[in-house]
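What follows is a single structure, written as structure tokens, with notes after it.
All of the numbers you see were taken from the coordinates with simple rules; none came from a lab. Keep in mind that what you see is a predicted model, and the values were worked out from it rather than measured. Here Cβ is always computed from backbone atoms with ideal geometry, including for glycine, and neighbour counts include all displayed protein chains.
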């Protein structure tokens, strides 16, 4: 029983419940709707909600818990001898069973025990699917029958339906909080496991980053060092290059658009600048790697400079272009929010437009501009695809933008892409990096928003 | 000091005039400089806007110029004899015999027949390398779909391998040293001969729109990724739109102004600024490791992207709800509607265009998102077109990333072409949002 099929059945059942409830309410009132407490369709909604909500919850819970429970049963049925192995061995066996069940290629030869387990896996999944379908059908029909039985002209259907709807609305707004809690919990929990293996001091202040874990103990570079300073420096270096591009260009174009541009130009240029924010970052990454990096390298050779083809400069330049609209649109807003009286006062004293901007408007708008810069920096720090495609992989502690550096986001991606087990320090390190990233961007955002809000209040 | 000034012949009036003259002289002298500074400052602004615009032009020009060649594909027209003794020597027309027959040999023999003087094994192999490995597959498809063709000679247009396609388009040429390219001089000569005979054609690359990913550039297409994107977007829309609108309605219309709603509000604003990769970590830790949902599936991808677009939709929906004037609510309340009826019958329909605009913009963002999907394993090499939301799949931007990473030179054009397709979708969605706003925008 596929998910879509069961969902379809559930929807048909719910819609059926609606019509049953509506016709029942009319019948119970002898065909005159005015004798009912609520309008007939509310009785329809009443039955539909009774049927739809429990079945939908069951379907969701079943889908989520089906695979873990089936795997637990299969695992407990494996022969004793196979259960004795260490957890890594166990997960390998389970992987084989899963692959065999879905008809994929398995890693080793198939022992009869594994084959039997795979057969059991398939049959359990089938049984579970069927059971899910039957259970939902039974509960749905029972709920419809129960709710339909409750209908009579004095039932306050509208009030009950509205109360349920209100609950749904509240649950939906709580999801936003749950997301944050989910992010914090998953990052903190996995990072805690990481810090059991590597001390936080070493992680935050170490100068050596080489996250490979050893296959053999005598391997070269098998030590696995987790000092994240090179990553932080690399991230800051690329963000700095990006802000060197986006800061002046964004701010100057915001000033031009707010103070100089005729409304026609403004109307045309503003959406064009917004295009820069709408282009997927993977496109920028491709552009940086394909066009900008080779161009810079060739120019470097021409000037006698040794520019790496994965230089921080290339990634930073392109990232800077990407964040121009973040700087310009917010700066534009805050410049526009400066009261006209300040400008007029300055003009009245004989100042030119540019003098007014430099001596009056910019100082007045400074907090807002700082806020927009901070938001742009937080965007640059968290940006992933451009650096994954255009920056380097090797941790390199340097402040020279012509060399290749790596960033926090690049390392998260390289550590987590591909198959991974969840108990090695290597994969857990990605979550610790994620935690740092989350905290830093959150702080930047909160401060920036507080600054901007305070500034807005000043002139309101 | 004062005595000295007083003994001077100047009266105070004269002094004032004198000072004014000196000052206005200074002003006049500095005016030229100030106007120059003014003009300079203005030029900086125009320059900044110009640089940004120039970048957009360069970006689009680069993508389009490098992507256009991918929409054509060179093909060789050959008269292939579908020999009975090669395909189905026993004449059973059994489906598995037809599928497993040696079509490679058929195709290769036909090409070799064009050059009777090529005899050595090595040369033969070099010559047949001109044809794509998809050529045999194409013949297989033809025969299995219509077995009555066996024994006849059919004229087929067979795709050439990616390197020769590049040679035909002039990307690879004789200018580079033979050791630096993957097409030898001998192969180039053969290809030129085929060209002289007029059987090499450049045709529309339909494979690009009908295939999923492949290791062979000439067989790689974007349909698989596009389907994956579609499925992922459906999941995202199905989750984020109702949840986002419900949350916005509650916060804007019903929520009491207390600490909890304040926390929710701050929280939503902060979520909007969390780096997308962190949502990927959440998806990996919670959906995949904790709940055991399948990796690489549009279901999980859609859920992660839904959480990511939720703040965008909530913020846009709240703005749209706020724009509906209170008089509408009061009128409905005055006629005896309940608060829920006011919202569902009046406020929500009036706010719908604004909500839709916000949703489309949020979906466009989600469509271009790559980083969180890398975390949940949607970066796998997948040759099948996904059929459901739990099948392994990849999406357009991830496909771009995968191809951009490939060392094969022919993938550069395909990457750009995939970007063009992606950008077309995005431009279309944004245009739709602008149109909606223009058509339904109401000033109260």
Please average, across the residues of A:251-261, the number of beta carbons from any other chain that are within 10 Å of each residue's own beta carbon, and give a whole number.
5
Counting other beta carbons within 10 Å of each residue's own, what order do A:354, A:210, B:229 fall into, fewest first?
A:210, A:354, B:229
Output the 0 to 90 degree angle, nearest 10, between the alpha-carbon long axis of helix B:348-367 and the longest principal axis computed from the alpha carbons of chain B.
60
Quick one: order B:184, A:263, B:24 by neighbouring beta-carbon count within 10 Å, fewest to most.
A:263, B:24, B:184
Taking the Cα-to-Cβ direction at residue A:264 and at residue A:113 and moving 7 Å from each Cα, how far apart do the two end points lie in nm?
8.3
Could you tell me how many degrees, from 0 to 90 and to the nearest 10, lie between the Cα long axis of helix B:103-114 and the main elongation axis, the longest principal axis, of the Cα atoms of chain B?
80
If we count other beta carbons within 10 Å of each Cβ, what is the order of A:132, B:257, A:270, fewest first?
B:257, A:270, A:132
Spatial extent of the protein assembly as shown: Rg and Dmax, with the Cα atoms as the point set, Å:
33.8, 134
Net lengthening on full extension, residue A:202/residue A:170 (0.36 nm per residue, minus Cα-Cα):
7.1 nm
At 7 Å along the Cα-to-beta-carbon direction for both residue B:180 and residue A:65, put a label point, then send me their distance in nm to one decimal.
6.5
Chain B shape via C-alpha gyration tensor axes, a/c threshold 1.5:
oblate
Alpha carbon centroid spacing (whole Å) that separates the stretch A:233-300 from the stretch A:362-430
18
What distance in nm separates the two pseudo spin-label positions at residue B:13 and residue A:95, each 7 Å out from Cα along the beta-carbon direction?
10.3
Computed from the beta carbon distance with a Förster radius of 45 Å, FRET efficiency for residue B:215 and residue A:39 to the nearest 0.05 stands at 0.10
Estimated [θ] at 222 nm from DSSP helical runs (n ≥ 4, -39500 (n - 2.57)) normalised by residues in chain A, nearest 500
-25000 deg cm²/dmol
Partner shielding of B:302-309, taken as the mean number of other chain Cβ atoms within 10 Å, equals 1
Note to self, chain B gives a 222 nm [θ] from helices alone (DSSP H runs n ≥ 4, -39500 (n - 2.57) apiece, / all residues, nearest 500) of -20000 deg cm²/dmol
Report the calculated FRET efficiency for residue A:56 and residue B:51 (r = Cβ-Cβ distance, R0 = 51 Å), to the nearest 0.05.
0.45
Within the stretch A:158-197, what residues put their amide N at less than 16 Å from the label point 7 Å along the Cα-to-Cβ vector of residue B:262?
none
Report, in degrees rounded to the nearest 10, the 0 to 90 angle that the Cα long axis of helix B:223-249 makes with the longest principal axis of chain B.
30
